[in-house]
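What follows is a single structure, written as structure tokens, with notes after it.
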Amino acid sequence: MLRAMQQLRIGLIGCGRIVERVHLPTLVRLDGVVVAALAETDVTRLQDARRGVPDARWFTDYGELLEHGGLEAVVICVPPFLHAKAAIAAFERGLHVYLEKPIATTVDDATRIVAAWRLAGTQGQIGFNFRFHPLVVQLREALRNGVLGEIVGVRTVFCGATRAQPEWKRQRSTGGGAPMELASHHVDLARFLFDQEVVEVGAALRSIESENDTASIDLRLADGPLVTIFTSLSAIEEDRIEVYGSRGALVFDRYRSSRLRFVPAHRDFRRLARLRASAATLAALPRTLRDVVSPPPERSYALAFAAFARAVQNNCAAAPNLDDGLRSLAVVAAAERAASSGRCMTLAAETSAATSSQLRTPSALGGKA
């Protein structure tokens, strides 16, 4: 719990669409937190954001917010190519930082952010909010308890439908593309679910509506499980993780289900077994209909911000931290290199933080050349 009668004063840097729809309303409702300042270069967006926090100070230059905001922490939601400059400036002011993913557009910039964070000695949390999703937490516990036996592999899909995008999301250099925008989440979840690092990466990229808006990424984890991630900004709305083991499979479907689905390893085709399966499907129908008519609320953002606030208030380590952001970006960068070269890349799992020097010589992954 946050310390009684003590408000954490947060500044919000960047007031784009996701901030207006998700971040700002979530932060305003969070106990123990007050959004005390806003910064946004687009005056129209700034005015829209101010309606939600009329008492907050506002700035068109985040440098002025950092200098005059009277803050303890900032949430940074500017385009990724601006992350390094904004985050480093905040750390130099001695502030705690919640930085939206991806941590940066280059591993070098991400490394600079991590160095500034360590020098500041403040809290630094990366915006991998899906770690806090209750079903992801439940899936992780099931895997730790050996529910599926030996893990064979993982298949994930994270896609969005075609829609108008700001210009920075249309170009890789400024932080756009499916690997940066979407796959970075699932790379992190692979590490989180299995407590393992990625050691090999292969990938293929397509540009349909914008640069690198579709990707298939193959990972090998340190203890052997294979992970395949399909991601696209030009497909359908989908966010699903399927984990396959020797005893069965578990499926997490963020958009369509309020519970994990277990699939047994063996199918029983006898008539009685089919009748039992049909009865179970009918029994689950009311819950399935509820999920369709009234999907479960997305709680992961609120849980992630609450964790950040607790870390600041209680002076305990925030997680996922900026090292996690750097590791995810290193894998994404390796996937991009693999796609451009047509060969797989090997990453070092034994180091404490991912750096560009982790990209080694090409190797094989699952028989690919």
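Only the coordinates and a few stated rules stand behind these numbers; no lab work does. Quick caveat, the model's predicted, so the values are computed rather than measured. Cβ: placed from backbone, ideal geometry, glycine included. Neighbour counts: every protein chain shown.
Rg (Å, one decimal) plus Dmax (Å, integer) for the alpha carbons of the stretch 132-201?
15.3, 46
Among 216-223, 323-330, 204-211, what's the highest-first ranking by average C-beta atoms within 10 angstrom per residue?
Descending packing order for the listed peptides: 323-330, 216-223, 204-211.
From the phi angles alone, apply the Karplus equation (6.51, -1.76, 1.60; θ = phi - 60°) to the stretch 58-69 and give each ³J(HN,Hα) in whole Hz, x where the residue is Gly or Pro.
Residue by residue, the stretch 58-69 yields 9, 9, 8, 10, 5, x, 5, 4, 5, 7, 10, x Hz.
Where the only charges are on Cβ atoms (+1 Lys, Arg; -1 Asp, Glu), what is the dipole of the chain about its Cα centre, to the nearest 20 debye?
Its charge dipole is roughly 1380 debye.
Quick query: amide H of Y255 versus all other amide H atoms, modeled in the peptide plane; which residues come in under 5 Å with a sequence gap of 5 or more or a different chain?
Excluding prolines and chain starts, which carry no amide H, the hits are D239.
I need the shape label for the stretch 104-152. Rule: rounded when a/c is under 1.5, else prolate if a/b > b/c, else oblate, with a, b, c from the alpha carbon gyration tensor.
Since a/c reaches 1.5 and a/b is larger than b/c, the shape of the stretch 104-152 is classed as prolate.
Looking at T174, A115, I241, which one has the Cα that reaches farthest to the positive end of the dipole of the chain (charges on Cβ: Lys, Arg +1; Asp, Glu -1)?
Checked the options; the winner is I241.
At a Förster distance of 25 Å, what's the computed FRET efficiency of A204 paired with E298, Cβ-Cβ distance as r, to 0.05?
0.25
V33's amide H: which non-local residues (gap 5+, or another chain) put their own amide H closer than 5 Å, with H modeled 1.01 Å from N in plane and none for Pro or chain starts?
Under 5 Å from the amide H of V33 lie the amide H atoms of L8, each far enough along the sequence or on another chain.
Which of the peptides 193-201, 61-69, 237-245 is most tightly packed, and how do the rest follow, judged by the mean count of other Cβ atoms within 10 Å per residue?
Answer by packing, highest mean first, reads 193-201, 237-245, 61-69.
Between R51 and E211, what is the label-to-label distance in nm when each label sits 7 Å out along the Cα-to-Cβ direction?
Going from the R51 label point to the E211 one covers 3.4 nm.
Please sort by residue number the trypsin sites (Lys or Arg not before Pro) in the stretch 38-140 whose DSSP state is loop and whose Cβ has at most 11 other Cβ atoms within 10 Å.
R51
When all alpha-carbon pairs of the chain are counted, what percent fall beyond 39 Å?
Distances greater than 39 Å cover 18 percent of the Cα pairs.
Under a crude label model (7 Å from the Cα following the beta-carbon direction), how far is V34 from T60 in nanometres?
Placing both labels 7 Å beyond Cα along the Cβ direction yields 2.7 nm.
What number, in percent, do you get for the relative contact order of the chain if the mean sequence gap of Cα pairs under 8 Å and at least 6 apart is divided by its residue count?
Contact order relative to length: 18 percent.
Take the Cβ-Cβ distance between A265 and V43 as r, set R0 to 51 Å, and report the resulting FRET efficiency rounded to the nearest 0.05.
0.30
In nm, give the distance between the simple-model label positions of A161 and R140, each being 7 Å from the Cα along the Cα-to-Cβ direction.
Spacing of the two 7 Å Cα→Cβ label points: 3.2 nm.
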